[in-house]
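Visitor: Could you have a look at this structure, given as structure tokens, before my questions?
The values are calculated or read from the model by the stated rules, or taken from the named source; none is laboratory data. All values reported here derive from a predicted model rather than from experimental measurement. Ideal geometry is used to build each Cβ from the backbone, glycine not excepted, and the neighbour counts take in all protein chains shown. With ligands, DNA and RNA removed, areas are computed over all heavy atoms of the protein, side chains included. Shrake-Rupley method; radii C 1.70, N 1.55, O 1.52, S 1.80 Å.
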Amino acid sequence: MVGYGAEDEHFVVELTYNYGIGAYKRGNDFRGITISSASACSRVLEHKYPHEVQDGRVVVHSHDGHPFHLINEDVAGDPVKVVSLSVSNLHRSLQFWSGLLGMHVFEQREQSALLGYSEQQCKLEIVDIGQAVEHAAAFGRIAFSCPRDELADIQRTMQEKNETILKPLVALDTPGKATVEVVILADPDGHEICFVGDEAFRSLSQVDPRADELLQQAIAADGSAEWFAKKGQAKEEV
């Protein structure tokens, strides 16, 4: 989990690495993350990281091709401002995200809308691309925490409206840690959405002071590329 602060108050990204995979095919589902940070923009320029400027924003892509839109301005609170997803029908998606999941519509245009549960939190942007949304192999999942007592109601609403439930309400045990309850849904375009009980989640989401050190150790110890090379094989591309 990486972000600009504790997960209780900040949007964080979960990165999943699989040793045997060299690349994932990207679809048109994920449009990018918008971050407001003058220092991030400065580092891009300082290190001559490949980028382009669009509408006054610095646009960079991760190693795997995921786009990040940087605003050259520092802000109070979480710098992560928007997560943008493609949808095939804006009206239908608004009915789902706002009408069923209760998100507030902060801004709406002809082909897009900005939604969220709080003015202070990262927003969700949905953009109508006028065609089917393809997730390919690089798709992810967006997660929200909510009071545990609301999980059953969320599931019941989805059942009553015949919406997709990928994982019915279930308790997930983590040895030595809190047991969290989750329900996982899919929106009309197949975007996966996880709602997790907040009370137990807050216990699991505590910042590990050694997290960065442990991550660097794991990266240094990863010999998968060399292992595949010795076998005369290449990592799989999916």
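Visitor: Using 29 Å as the Cα-Cα cut-off, could you pick out the over-long pairs in Lys123/Lys167; Lys167/Lys230; Lys25/Lys231; Lys25/Lys81; Lys81/Lys161? Could the numbers behind the result be given before it?
Guide: Working: Lys123/Lys167 24 Å; Lys167/Lys230 40 Å; Lys25/Lys231 24 Å; Lys25/Lys81 26 Å; Lys81/Lys161 31 Å.
Flagged as over cut-off: Lys167/Lys230; Lys81/Lys161.
Visitor: Still on this structure: Once you charge only the Cβ atoms, +1 for Lys and Arg and -1 for Asp and Glu, what is the size of the charge dipole of the stretch 1-127 about its Cα centre, to the nearest 20 debye?
Guide: Using only the charged Cβ atoms, the result is roughly 480 debye.
Visitor: Based on the mean of other beta carbon atoms within 10 Å per residue, what is the order of 107-113, 154-160, 216-222, most packed first?
Guide: Result, highest mean first: 154-160, 107-113, 216-222.
Visitor: Taking the Cα-to-Cβ direction at Lys230 and at Ile21 and moving 7 Å from each Cα, how far apart do the two end points lie in nm?
Guide: That separation, rounded to one decimal, is 2.5 nm.
Visitor: Now for a separate question. Highest mean first, what order results for 23-33, 93-103 on Cβ atoms within 10 Å?
Guide: With the highest mean Cβ count within 10 Å placed first, the list reads 93-103, 23-33.
Visitor: Along the charge dipole of the chain, pointing to its positive end and built from +1/-1 on Cβ of Lys, Arg, Asp and Glu, which listed residue (Phe139, Val196, Val83) has its Cα farthest out?
Guide: Phe139
Visitor: Which of the listed residues, Leu115, Tyr49, Val127, is farthest toward the dipole's positive end in the chain, when Lys, Arg count +1 and Asp, Glu count -1 at the beta-carbon?
Guide: Of the candidates, Tyr49 comes out farthest on the positive side.
Visitor: As a test question: what accessible area, to the nearest 10 Å², does Val44 have when a 1.4 Å probe is rolled over all protein chains in place?
Guide: Estimated to the nearest 10 Å², Val44 gives 20 Å².
Visitor: Then there's this: How many percent of DSSP beta bridges within the chain run antiparallel, rounded to 5? Display every interim value, and only then the final one.
Guide: Working: 34 of 52 bridges.
Taking every DSSP beta bridge with both residues in the chain, the antiparallel ones total about 65 percent.
Visitor: 222 nm [θ] for the chain, helices only, -39500 (n - 2.57) per DSSP H run of 4+, per residue, to 500?
Guide: For the chain, the value works out to -5500 deg cm²/dmol.
Visitor: Looking at (i) 29, 24, 21; (ii) 38, 18, 16; (iii) 24, 22, 18, which value of semi-axes √(5λ) of the Cα gyration tensor in Å comes from a calculation on the structure shown?
Guide: Here the calculated entry is (i).
Visitor: Please work out the average accessible area per residue across the chain, using the 1.4 Å probe convention, and give it in Å².
Guide: I get 61 Å² per residue for this part.
Visitor: Three principal axis extents, largest first, for the C-alpha atoms of the stretch 38-171, in Å?
Guide: Largest to smallest, the principal-axis extents are 53, 34, 30 Å.
Visitor: Now, a different point. Of the accessible area of the stretch 1-52, with the probe set at 1.4 angstrom, what percent is carbon plus sulfur?
Guide: Numbers: 1840 of 3390 Å².
Within the stretch 1-52, the accessible surface is 54 percent carbon and sulfur.
Visitor: Using the Cα centre as the reference, give the magnitude of the dipole from point charges on the C-beta atoms of the stretch 86-238 (Lys, Arg: +1; Asp, Glu: -1; all else neutral), rounded to the nearest 20 debye.
Guide: In total the dipole reaches around 280 debye.
Visitor: OK, next. In the stretch 136-222, carbon and sulfur make up what percent of the accessible area (probe 1.4 Å)? Could the numbers behind the result be given before it?
Guide: Values: 2680 of 5320 Å².
Carbon and sulfur atoms account for 50 percent of the accessible area of the stretch 136-222.
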